[in-house]
Structure formats: C-alpha cells, structure tokens
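Read-outs throughout are calculated quantities, based only on the coordinates presented, and are distinct from any laboratory measurement. These numbers were taken from a predicted model, which means no experiment stands behind them. Positions of Cβ are backbone-derived with ideal geometry, glycine not excepted, and every protein chain shown enters the neighbour counts.
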Amino acid sequence: MDSSGFNGQRIVRTLALTSLALAIFGCANQRMADFTAPRSTVTREKALGLAKEVAASIDGKVYAVAPSGSMIPTLDEGSIVTVEKVTLDELKKGDIVIYRAGSGMVVIHRLYEKHRNCWFVLGDNNSSIDLDTVTPQNLLGRVCAIFYTASDSTATAGLLRPATAFASRQ
C-alpha cells in the first residue's frame, strides 16, 4: 500500500473515532453555549472604525460576525474582526481563520488539524468539524484582531454585511 492510501485510511479512522467519542461522551464545547463573548463599552460604529484602521495598517480586511453561534464564546454577532493575509504554511493549530466554503459562504472557524495541504476547521461551539477544509485556494486570511461591542448587531445592520461564524467583508 502506498503512503497516500495509508494516510487516507488514518484520516478516516481518526475521524470515525472522533465522531464515536463525541457521540458517546458529548462535546466539551456544547457547554460553551451558556457563555457569551465579551462585551465592551465601545459602540459598534467605533469598533468598525478601529477595525478598519488596523486593517489599513496591515493591508488586511474587516469582517462582521453573523449570528450563527458557532464561535461562542470567542465571537458572537456583536464581534468585528480584522483579518491579515497569510499563506497556508504560516497557519498554526488554534488560529482563527476566514475561508470561503464550497457553498460560497464566508466562514470564520478555528484550525483543528492539518493534513497535507489543507486544514480541518471547527467552530468553538460546534461538535463536529466542518465539511469543507481550508486550502490555499479558499483561505481568505487569519483573524488578527477582535473588537467586541456594547450594542447588538441590529443597531448597525446597514453598515455591515454579515460573515459565519459566518463573516462578511466590510
């Protein structure tokens, strides 16, 4: 058997064992639904302005987080993030990245495990990895700054397009 077949079998076995363990014991992240992301006294408009300043200084982008709940307690719909350009080789386990899923949706999730030239990702509040993997072709960047706000997402809905830990670029 060649090494690619062995790696493929190992990946499938690892995913099957992980799924079985989650089914039997539950996901530790499920309890995170009881928590919320931090808040601040900074208005959403001010946070957006600050995020844009940071993005401009690093040639980055700004995204608003949509209310999916997948990244609670790290991110919620009040969060605004600045994203830096990086290559797949610069990423490390635990980084929060933004990528474009096969459906076209922009997703913000945490890097879980690397396999060859792709990363498996997982929302902090999800019990299973995403169906899509992060590759050089769909990677939009790594979150380098998170801005928490005092107001809810409806206050400035017209100013921001949502990302999921869906994201939308500002």
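Bridgeable lysines around Lys85 (alpha carbons under 22 Å apart, same-chain partners fewer than 8 residues away excluded): Lys52, Lys61, Lys93, Lys114.
Within the stretch 79-121, which residues have the backbone N less than 14 Å from the label spot 7 Å out from Gln137 along Cα→beta-carbon, could you tell me? Counting backbone N atoms under 14 Å from the label point, the list is 100-104, 117-119. Packing order of peptides 94-106, 123-135, highest average first: 123-135, 94-106 (average count of other Cβ atoms within 10 Å over each peptide's residues). Under a 5 Å amide H cut-off, with hydrogens placed 1.01 Å from N, His115 pairs with Phe120 among residues at least 5 apart or on other chains.
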